[in-house]
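The values are calculated or read from the model by the stated rules, or taken from the named source; none is laboratory data. Predicted model only: the values in this text are computed from it and were never measured. In this analysis, Cβ positions are derived from the backbone assuming ideal geometry, glycine residues included, and neighbour counts consider all displayed protein chains.
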Amino acid sequence: MIARCVGLVVLLASVLMGGPALSAKLALVIGNDAYQNVPRLERAVGDAQAIGATLQQLGYAVTVSSDLTYKGMAHALAEFSARIQPGDTAVLQFSGHGVAIDGRNYLLPVDVEEPGTGDAAAIEALSFDAGKITEQLTHNKPKLVFVILDACRNNPFETKSRSVGSGRGLARMDVEPGEFILFSAGPGEEALDRLGESDHEKTSVFTRVLLKSMSVPGITLQKLAKATQGGVSRLAASIQHEQFPDYFDRTIDEPVLSSAGEAAAPPQASGECASPLLGRWVNADPKSRSLDHLVISAVCTGGQLRFAVEIFGRCTPSPCPWGVRPALAHGAGDDLTGRFDFSFAIKDVSLSLGPDRHLAVVTATRYIDKSGRNPRTSTDSMVRDPAALP
């Protein structure tokens, strides 16, 4: 039996009454495997990518980020929170290490330092308080918010000689009216990464069960939790392990991830919010070693567009996904800017539609991996994908 640090999943459903109607479905998904100073993980990034793909199929505009440093994680959370508007549905998912200190749960970026003996204050300063994150996400009064925290229950700072934080498991999180919290295991239990050496699934036991239920159109959070409890506990029992996801519910109605019959694609702008930028663009230079293609989508709210950009780099044998990021419009709306955070670099991207209807993409790369590499800038000319034209 091979066990992983227990994942904690928090599904926070903050249903705020009296706001505007549901207008956008947004998601930020973070997976951290490549920890530099504490034990690395193996399936956090895979779990995040799988959940991100499922949410995209359910119609969410998804941003997927992996192996984020403190700076990158802070920027991603702040940017995502700023995108949330009244009436939106927002999903935040985090897979990686976490630790409980004095009854609070902290999510760890990949560059968190290993503390000295009893140096809890340093960890609190170099990580992210899960409770404060949920407060931040509900600040703009979204109609529905789900927070999925797939965080480590085995304390990554615990050794034979010293320990910071609780020895095992994350602390219970108090729920407020309208919140729904689901743990991937009960207090003191260890969540399974896989069911043994012959289990070659790319996702953890909990995530693979959760994904099956998430894909059911119209499933409520209550039914999602019960289905996950049953599926996880049965799989765990097959190898004589005890894992029974716990959940806490203070919702009045029965919130859902996606309504039955809802379009399974990210919402696109149309009508009063039409834009010449929307759609799939491919690199005009087949020999370029920079970008392969990108997709620009948008959500229309009150006659205004909120853009998102998904970029794929030129790689062999297949394009490398950068993820999806929000993009800010400038001028007449034909210019966009966005930022892509990676563990090794920050890439600021500017997109401008020219009179020749080509999309000029300028990528400014600043390296943050202590490699000593100089910043660089590349420019690509993109054209509409002929295969995507009507």
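Structure above, values below:
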item	result
Segment 298-307, residues that are within 17 Å of Phe80 (Cβ to Cβ) and either at pLDDT 90 or above or surrounded by fewer than 22 Cβ atoms within 10 Å (Cβ to Cβ) (or both)	Thr301
Check on Leu195, modelled with pLDDT of 85 or more and not in a helix (DSSP H, G or I)	yes
Count of residues meeting criterion [out of contact with any Gly (no Cβ under 8 Å at 6 or more places or on another chain), closer than 19 Å to Ala121 by Cβ and at pLDDT 60 or above] in segment 143-178	1
Pairs where the first residue, in segment 226-253, is more than 14 Å from Phe180 (Cβ to Cβ) and the second is part of a strand (DSSP E or B), C-beta under 8 Å, 6+ apart	Leu235/Leu192; Ala236/Leu192; Ile239/Leu192; His241/Ala3; His241/Leu192; Gln243/Leu192
Top-ranked residue in segment 268-288 [being over 27 Å from the mean Cα position of the chain (by Cα) and loosely packed, with under 12 Cβ neighbours inside 10 Å; ranked as modelled with the lowest pLDDT]	Gly271
Segment 77-125 - residue that is farther than 18 Å from Tyr60 by Cβ, surrounded by fewer than 23 Cβ atoms within 10 Å (Cβ to Cβ) and among the aliphatic types (A, V, I, L, M) and, of those, nearest to the chain's Cα centre (by Cα)	Ala78
